[in-house]
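Have a look at the structure below before the remarks.
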Amino acid sequence: MRTQIVHPGADNLRYEIRQIVEVANAIAATGAPIRWENIGDPVAKGERVPDWIKEIVTQAAAEDLSFAYSPTKGLVEARAYIAAERNLEGGIQISPEDILFFNGLGDAISTIYSALHPRARVIGPNPAYPTHSSAEAAHAGAPHITYRLDPENGWKPDLADLEAKVVANPDIAAIIIINPDNPTGFVYPEETLAAIVDIAARHDLFIISDEIYSNLAYPGSGMRKLASVIGKVPAIAMRGISKEFPWPGARCGWIEVYNRDQDASFDRFARSLLEAKMLEVCATTLPQKVLPRVMGDDRYYPYLETRVSAYDARARRAVEVLGSLPELILHPARGAFYMTAVFRKGALKADQRLPMPPQVEAIISPQLGEALDARFVYHLLGATGICVVPLSTGFNSDLEGFRFTLLEPDEDKFETVLQDLRDALCAYLASGARKEPARGQLEGAA
Ligand SMILES: Cc1ncc(COP(=O)(O)O)c(C=O)c1O
């Protein structure tokens with residue numbers, strides 16, 4: 001090309017959660033079964049969508065207007081339902097005009113970061129959900145700036161680290177919260193949310209709160225939406241139906257804009273999101289038609305409770321099986337359907353390995369780079385077929401670890417995955433450890 005066509009941020013777009021799938025598929029082609037614990041799609045993982053939800057979708061699909069465009073902001077009936085439900089929960093009150101529909105939150109996330117002034121930065125949690133961190137880094141053409149979620153403190157955010165970075169970097173315009181969090185399953189306590197709102201207020205920032213899992217918080221988790229503590233600080237909350245219904249293939253999510261009247265520049269930014277959506281006309285109509293009918297049905301919240309208690313039980317079981325390994329830090333998820341295990345410093349070494357058939361080793365070997373947790377993840381995949389996601393390369397983290405899901409609906413299979421994971425962890429960690437005493441013995445002999 002006669003001129004540079006690659007965006008300077010292009011190398012920041014990476015989605016390891018799906019990239020590892022290509023390697024796993026190559027292994028599957030050798031005849032080895034894969035156990036998919038990497039992707040957060042409950043339907044692909046075998047959860048049954050209730051018949052009553054399918055009936056509502058079928059009825060809506062029979063209506064001609066489901067095939068029409070919707071208004072750019074979204075169908076009035078869907079926005080009115082969401083605003084009314086939000087207002088009943090207390091906290092900030094919104095109108096349907098404060099809601100804007102997208103083709104999934106993936107679309108909302110990329111629109112929001114592309115619409116930001118090129119110099120404005122958004123600080124997010126570490127570990128980071130890659131759709132946010134990659135889109136923000138690509139927008140800035142620079143690495144994503146993060147604040148620490150502390151695995152030694154139940155994954156609570158390090159607020160001193162957050163505020164220090166906000167102070168040190170005047171380009172930071174907003175703070176991302178993912179609540180409940182992906183990949184850790186952490187649920188922000190109310191006082192932590194309030195403290196983040198306070199930091200935003202004192203430094204004149206807005207907040208982006210990704211609440212796609214907010215209706216999948218476990219009993220007793222203390223889940224509060226940002227709306228309940230936001231006060232007068234400008235903010236954008238994000239929700240969707242991908243995980244809740246669950247209907248990820250619908251590509252349906254929305255943003256709720258809070259306190260646009262408090263800041264002219266935030267108000268202009270919010271309008272620019274609407275203008276960007278106008279260029280695309282609107283989001284898909286059918287899921288919006290269905291939304292108030294499904295969420296307003298008496299069976300909806302009892303159905304979510306059943307799912308959530310199954311995730312909660314699996315999270316506790318995962319801690320029972322894996323939590324006693326001294327090399328790991330592991331906290332039970334309190335919401336969503338992921339857990340993250342962190343390797344303690346020094347637990348991983350470059351010469352650790354798991355045995356696997358030669359034809360599988362030929363696929364795995366070229367994947368082994370420097371990241372020690374990714375080396376473990378690829379050995380695990382090759383040796384057991386269990387596919388998880390490394391923390392460092394998958395979630396933009398300086399921690400070593402891996403994320404696995406709590407989605408396997410067959411409890412026997414879930415138990416086998418946990419036991420096999422534990423055996424693989426023990427064997428992998430011991431494979432490096434065994435060499436050390438040998439070196440020590442040699443030194444002793446000399
Ligand atoms: C925290 C978070 N936000 C957003 C998304 C994207 O959701 P959607 O299917 O609405 O694009 C996901 C998907 O896994 C997610 O985990």
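The values are calculated or read from the model by the stated rules, or taken from the named source; none is laboratory data. The model shown is predicted, which means the values in this text are computed figures rather than measured ones. All Cβ positions, even for glycine, are placed from backbone atoms using ideal geometry, and neighbour counts span all protein chains on display.
Filter the range 91-115 down to residues that are among the hydroxyl-bearing types (Ser, Thr, Tyr), more than 19 Å from residue 205 (Cβ to Cβ) and within 15 Å of the ligand (Cβ to nearest atom), then give me how many there are. So the answer is 2. Within the range 116-149, work out how many residues are more than 16 Å from the ligand (Cβ to nearest atom), assigned to a loop (DSSP other than H, G, I, E, B) and among the hydrophobic types (A, V, I, L, M, F, W, C). Selection size over the range 116-149: 4. One residue is enough: does the range 155-166 have a residue meeting the conditions within 16 Å of the ligand (Cβ to nearest atom), at pLDDT 95 or above, surrounded by 17 or more Cβ atoms within 10 Å (Cβ to Cβ) and in the same structural domain as residue 272 (by TED's automatic domain parsing)? Yes, the range 155-166 contains at least one residue that is within 16 Å of the ligand (Cβ to nearest atom), at pLDDT 95 or above, surrounded by 17 or more Cβ atoms within 10 Å (Cβ to Cβ) and in the same structural domain as residue 272 (by TED's automatic domain parsing).
Within the range 281-300, being surrounded by fewer than 16 Cβ atoms within 10 Å (Cβ to Cβ) and free of Cβ contacts under 8 Å to residues at least 24 places away in the same chain holds for one residue alone: 298. When each of 176, 196, 145 is tested for being closer than 21 Å to residue 107 by Cβ and surrounded by 19 or more Cβ atoms within 10 Å (Cβ to Cβ), the lone residue that passes is 176. Under the condition of being more than 27 Å from the chain's Cα centre (by Cα) and hydrophobic (A, V, I, L, M, F, W, C), which residue from the range 25-60 is farthest from residue 382 (Cα to Cα)? Among residues in the range 25-60 that are more than 27 Å from the chain's Cα centre (by Cα) and hydrophobic (A, V, I, L, M, F, W, C), the one farthest from residue 382 (Cα to Cα) is 60. Of 190, 275, 256, all but one fail to be away from the ligand (no atom under 13 Å from the Cβ), surrounded by 21 or more Cβ atoms within 10 Å (Cβ to Cβ), acidic (Asp, Glu) and farther than 18 Å from residue 129 by Cα; the exception is 256. For the range 167-185, the candidate set comprises residues that are within 15 Å of the ligand (Cβ to nearest atom) and among the polar types (S, T, N, Q); within that set, the residue that is nearest to residue 198 (Cα to Cα) is 179. Could you list, in sequence order, the residues of the range 222-243 that are surrounded by 18 or more Cβ atoms within 10 Å (Cβ to Cβ) and either more than 16 Å from the ligand (Cβ to nearest atom) or closer than 22 Å to residue 264 by Cβ (or both)? Result: 224, 226, 227, 229, 230, 233, 234, 235, 236, 237.
When you check residue 264 against the structure, is it free of Cβ contacts under 8 Å to residues at least 12 places away in the same chain, surrounded by fewer than 16 Cβ atoms within 10 Å (Cβ to Cβ) and outside the structural domain of residue 206 (by TED's automatic domain parsing), yes or no? No, not satisfied.
Residues that are in the same structural domain as residue 427 (by TED's automatic domain parsing) and in contact with a strand residue (DSSP E or B) (Cβ under 8 Å, 6 or more places away or on another chain): which helices (runs of 4 or more DSSP H) entirely in the range 284-386 hold 2 or more of them?
It comes to 300-322, 372-384.
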